[in-house]
Amino acid sequence: MTKQANEFVTECKSSLARGVAVASDLLVDRAVGCYVYMTDGQAYLDLASGIGVTSTGHCHPTVVKAVQEQAAKISHAQVNMFYHQPMLQLVQRLRSKVPPSLDTFFFWNSGSEAVEAAVKLARQATNKQNIIVFSGGHHGRTIGAMALTSSKSIFSAGFGPLMSGVHTVDFPYEFRCPAKDHAPCHTGQHCVDETLRQLELLLQQRTAPEETAAILLEPVLGEGGYVPAPPGFFQALRTFCDRHNILMIVDEVQTGFGRTGKMFAIEHWPGVEPDILVMAKGIASGYPLSAIVSRKALMDQQPPGSMGGTYAGNAVACAAALATLDVFEEERLLENVNQRSEQMFKELREKIPPLLPESIQLDIRGLGLMIGLEFRNAPTGFATRITKEAREQHHMIIITASVYETLRMIPPLIISESEVTDAINRLAESIRAAVQAMV
């Protein structure tokens, strides 16, 4: 970074809220595709995608064109005043992408807001209060959403009292499963059985079915470490919910819109449809938009005026979402995600384990282009050191996740074969340096 840019950042950052953690003092100028460019012209390979947001890459020309055209027509068509075409067209397009039983949408701005909208719907539609969530889940940082979040205590510490009626059970986390110390848990079945046991016990001890509105969870833990739910888990959970008359809310804020190789991650568990699906992040390639979708019979329980927001379903953001869907179809993004995922897992498994000492256990996991690397028994700060090495020495943006030593890889879904190889090579060199620093 140039001296002038460094001085500018230093001068201004003291006036910004200290509660926002910023990983570096880099000053971004522009971005295109899988690269972000700093004010000194240096390009950085981006494996973070704005934390899973720029699904079609930075400034995709199709999205840029749609945004420019919509901004010249009307930028703020407030949803309580009239309908606007981009939102109605988006509803039409999304109907064919979501599970068939879900047909009624509500649009908002952020993932946290959408999660809260889902909770509001569940409580109002069932006339029940309590919500069950899973350890390691991340659902946002607003007052309601942070009560549902358990990925890190920093997100809620000091902000209490939080929303009441929230109960937590263990997520089926195979790499951290206690059974692994005694017997193999390769299928995750032990973890699934244990989670279901905890759920049944919870209903007996703390929140009876007639008090429990919904179960809320991510198909793949996000901030909790990029941990996919095991095979069969959602089928078992769907049966549990139906038996006890509890709604299932699936939080696809981070896993939705192609991130896992399916349009929505819940498709990895055949035959399972949630009662409420939450979406955001990749929906509009970087523009603020979120939504929930549910059955009309549930949505119609809410009286007009009980939901809304000044910027909800912004016209420009909806136009960006429509263009995002165009890119998915025209460039066959899901096909690319699955091809690049296979390549990335192969190269990671070939290149990374040989770099680690025997004392560190490595778990490479995930779905599609949502990949986590957890370094068990690594020294505290090991994953953060890797991200710093990658950024400062190899000009690559990669971030951590979870309270454990874990990296997460979420590149734009347009990433190419050569860019994947380049990224893994940069990562390998960063890990090599972090290991050497341990000595």
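The values are calculated or read from the model by the stated rules, or taken from the named source; none is laboratory data. These figures come from a predicted structure and were not determined experimentally. Positions of Cβ are generated from backbone atoms using ideal geometry, with glycine treated the same way; all protein chains shown enter the neighbour counts.
Let's see how each residue does on (1) modelled with pLDDT of 95 or more; (2) surrounded by fewer than 23 Cβ atoms within 10 Å (Cβ to Cβ); (3) part of a helix (DSSP H, G or I):
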site: LEU94; (1), (2), (3): yes, yes, yes
site: LYS97; (1), (2), (3): yes, yes, no
site: ALA114; (1), (2), (3): yes, no, yes
site: ARG123; (1), (2), (3): yes, yes, yes
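Is it true that ALA315 is closer than 29 Å to HIS60 by Cβ, more than 23 Å from the chain's Cα centre (by Cα), surrounded by fewer than 22 Cβ atoms within 10 Å (Cβ to Cβ) and of a type in the set (A, V, I, L, M)? Judged against the criteria, ALA315 is a match. Here THR39 meets the list (1) β-branched (Val, Ile, Thr); (2) buried (at least 17 other Cβ atoms within 10 Å of the Cβ); (3) closer than 29 Å to ASP251 by Cβ almost entirely, failing just condition (3).
Of all residues in region 235-259, exactly one satisfies the criterion of being in contact with a Gly (Cβ under 9 Å, 6 or more places away or on another chain) and of a type in the set (Phe, Trp, Tyr), namely PHE257. Of the residues contained in region 46-62, one or more are found to be of a type in the set (A, V, I, L, M, F, W, C) and farther than 30 Å from MET163 by Cβ. When you look at ALA297, is it in a helix (DSSP H, G or I) and in contact with a Phe, Trp or Tyr (Cβ under 9 Å, 6 or more places away or on another chain), yes or no? In short, no.
Any idea which residue in region 16-37 is nearest to ILE414 (Cα to Cα), counting only those that are β-branched (Val, Ile, Thr) and within 20 Å of the chain's Cα centre (by Cα)? Filtering region 16-37 for residues that are β-branched (Val, Ile, Thr) and within 20 Å of the chain's Cα centre (by Cα), the one nearest to ILE414 (Cα to Cα) comes out as VAL22. Looking at SER156, SER135, just one residue is among the hydroxyl-bearing types (Ser, Thr, Tyr) and in contact with a Phe, Trp or Tyr (Cβ under 7 Å, 6 or more places away or on another chain), and that residue is SER135. Just one of the numbered conditions (1) within 15 Å of ILE397 (Cα to Cα); (2) out of contact with any helix residue (DSSP H, G or I) (no Cβ under 8 Å at 6 or more places or on another chain); (3) surrounded by fewer than 13 Cβ atoms within 10 Å (Cβ to Cβ); (4) acidic (Asp, Glu) is not true of ASP25: (2). Of the residues examined, ARG332 is not one that is more than 15 Å from the chain's Cα centre (by Cα) and farther than 24 Å from GLN89 by Cα.
Selection within region 42-79: residues that are surrounded by fewer than 17 Cβ atoms within 10 Å (Cβ to Cβ) and either at pLDDT below 95 or hydrophobic (A, V, I, L, M, F, W, C) (or both). The member of this set that is farthest from HIS139 (Cα to Cα) is ALA72.
Of all residues in region 225-246, those that are in contact (Cβ under 8 Å) with a residue 40 or more places away in the chain and more than 16 Å from GLU200 (Cα to Cα) have Cβ atoms under 8 Å from Cβ atoms of residues that are surrounded by fewer than 24 Cβ atoms within 10 Å (Cβ to Cβ) and among the basic types (Lys, Arg), 6 or more apart or on another chain, in TYR226/ARG365; VAL227/ARG365; PRO228/ARG365.
Take the conditions (1) at pLDDT 95 or above; (2) part of a loop (DSSP other than H, G, I, E, B); (3) closer than 27 Å to ILE410 by Cβ; MET1 misses just one of them, which is (1).
Considering region 343-424, the qualifying strands (runs of 3 or more DSSP E), each wholly inside and each with 3 or more residues that are in contact (Cβ under 8 Å) with a residue 40 or more places away in the chain and within 23 Å of the chain's Cα centre (by Cα), run over 361-367, 370-376, 406-409.
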